[in-house]
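S.K.: One structure follows; several queries about it will come next.
Where a number appears in this text, it was derived from the coordinates with a stated rule and is not lab data. Since this is a predicted model, take the numbers as computed values, not measurements. Cβ atoms come from the backbone with ideal geometry, glycine included; neighbour counts cover every protein chain shown.
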Amino acid sequence: MVEKPKCSIVLPTYNEANNIQIIINELIKLLEKNYVYEIIVIDDNSPDHTWRIVEEEYINYQNIFCFRRIKKRGLSSAIVDGFMLSKFNNMIVLDSDLQHDLKIIPNIIDKLSNNFDLVIGSRYINNDSMKDWNFFRRLLSQFATKISNFIQDSITTDPMSGFFGIKKKLFLEVVNQLDIKGYKILLDIVAVLKNKKNFKNIDIPYKFKERIYGESKLTGEILIESLDLIYSKLFGSILPVNFIKFITVGSFGALIHFSILFFLYKFLDYSYSFALICSIEFSIIFNYFLNNIWTFRFVKLFGKQNLIGLIKFNLFSGIGGIIAYLVSQNLYNLDFNWVISSLLGAIVASLWNYNLNKIMTWRVN
C-alpha cells in the first residue's frame, strides 16, 4: 500500500470569523481522501473570536486545532509559530481570506514530496491575477515586488506571496536568521536563501482572488516592510537598523528644514534667526510623525499616547533644536555659508535626538 503524502497547513488569522469555517471545510474536502494532514490555525486573539469558532466547530478533529496567541501580534511571527508547531516536514502557509487558490495545494505537496524545498504560489507568472486590480493596487504591488527583488536576487517571481510551501528541515536552518517582523515572511526567507546553496525551489502560477468577507490588512505597510528588510540586510551588521531609519527620516526632515528656511529667509526676506526657528520646528513635527509610522512602528503610539509622544519629541528634540540653532547661528556669525552652518547644526543635534527619544518617547531600550 502506497503511503499517503503528509502535510501541515498553517492558517494565520486575525478577524477572519466570516472566512475561517469556509476555508477549513474546503481544505478538508481537498485533503481528506489522499493526504495525511493537519490544519493549524494561529490566531492573534481576534476580537471577532475567530479562535473560538475553530475551537468549538472542530473540537472532534484531532488534526485541526487553534493556537491562540495573547498579547502577541504580527503575521510573520504567527507563521513562524505555526511552522514550529507543525509535525510534518511538508509545510504550507496560506491566508484565510479565500483569496488563494486552494486547487494548487496538491501540486505544492507533490513538489515538496519530490525533492523541492521551497514551492511558491506566484501571482505574476502569467499576470492573470492583476487584470482585475485597480491602478493603485497594481502599482503598489509592482513597486513592492521591485523593491523586494533588490534583496532576494530573483529566487522567485513573487517574493511578496503569502502562499507557499517549505520543507521544515530547510525552515529550521534559516529561522534564526529571520527578522520575524511584519507581514511578508517569504521575503525574509528568500533574502536569507539567496546566499544559500543546495536547495531547490519552484514557482507555481495561480490566480489571486478578490476578498469576499472582511477587510484587507495590507496597504502601504508592505512597502514599509520591504524597506525595513532592505535596511536590515544592508546595514544590520554595521549599525542599529532603527538608527539608520532615524537618520533617513532626519534626511527627509532636513529637506523640509531647508525648504522652509530658504522660503522664509531668501524668498520672503525674514531674518535668518526667525526663519531658522520656524524651519526647525516644522522639521521636528514632520520627523516625529514619520518616525512613529516607520522607525518605531512596532511600538507605534496611538491616541492620547501619540499626543504625549509628540509633546515629548518636541521637548527633547527642541533641546536638540536649540543645539542646532546655537551651532548654526555661531557658525553663521563666523561667516560660514548659511547652508553649511545649518547642516552642521542638524548633524550635531541628530545624535542627541535619536538616543534620547528612543528611550524616553518610544521607550525602546
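S.K.: Using the count of nearby Cβ atoms within 10 Å as a rough guide to exposure, how do Y231, Y288 rank from fewest to most?
M.R.: Exposure proxy ranking, most exposed first: Y231, Y288.
S.K.: Restrict the search to segment 267-365; then list the trypsin sites (Lys or Arg not before Pro) that DSSP places in a loop and that have at most 14 other Cβ atoms within 10 Å of their Cβ.
M.R.: Here the trypsin sites (Lys or Arg not before Pro) that fit, given the DSSP loop and packing criteria, are R363.
S.K.: Given a Förster distance of 51 Å, report the FRET efficiency between V339 and N176 from their Cβ-Cβ distance, rounded to the nearest 0.05. Walk me through the numbers on the way to the answer.
M.R.: On the way: r = 46 Å, r/R0 = 0.91.
Using R0 = 51 Å, I get an efficiency of 0.65.
S.K.: A further question on this structure: K312: which lysines have alpha carbons under 28 Å from its alpha carbon, excluding same-chain residues fewer than 8 sequence positions away?
M.R.: Counting by Cα, and skipping residues close in sequence, K312 has these lysines nearby: K71, K72, K181, K245, K300, K304, K358.
S.K.: Another question about this same structure. List the lysines whose Cα lies under 18 Å from the Cα of K29, skipping any in the same chain that are fewer than 8 positions away.
M.R.: K4, K6, K103
S.K.: If I model a spin label as a point 7 Å beyond the Cα along the Cα-Cβ vector, how far apart are those points for Q62 and N126 in nm?
M.R.: Result for the modelled spin labels: 4.1 nm.
S.K.: Using 1/(1 + (r/R0)^6) with R0 = 25 angstrom and r between the beta carbons of E3 and K29, what's the FRET efficiency to the nearest 0.05? Please list the in-between numbers first.
M.R.: Details: r = 22 Å, r/R0 = 0.86.
Once rounded, the FRET efficiency stands at 0.70.
S.K.: Note the full-extension length gain between L227 and K266 as 0.36 nm times their separation in residues minus their Cα-Cα distance, in nm to one decimal.
M.R.: 10.5 nm
S.K.: On to the next question. Hey, rough spin-label estimate for R52 and F289, points 7 angstrom out along Cα→Cβ, what's it come to in nanometres?
M.R.: It is 3.8 nm.
S.K.: Oh, and also: What is the fewest-to-most order of S328, S317, S259 by other Cβ atoms lying within 10 Å of their Cβ?
M.R.: Fewest-to-most ranking of S328, S317, S259: S259, S328, S317.
S.K.: Related question: Can you tell me the length gained on complete extension of the stretch K72 to Q329, counting 0.36 nm per residue apart and subtracting the Cα distance?
M.R.: Contour length minus Cα-Cα distance gives 87.7 nm.
S.K.: Among the trypsin sites (Lys or Arg not before Pro) within segment 69-131, which fall in a DSSP loop and have no more than 10 other Cβ atoms within 10 Å of their own Cβ?
M.R.: K71, K131
S.K.: Another one. Listing D48, D97 from the residue with the fewest other Cβ atoms within 10 Å to the one with the most, what is the order?
M.R.: Sorted ascending by nearby Cβ count, the order is D48, D97.
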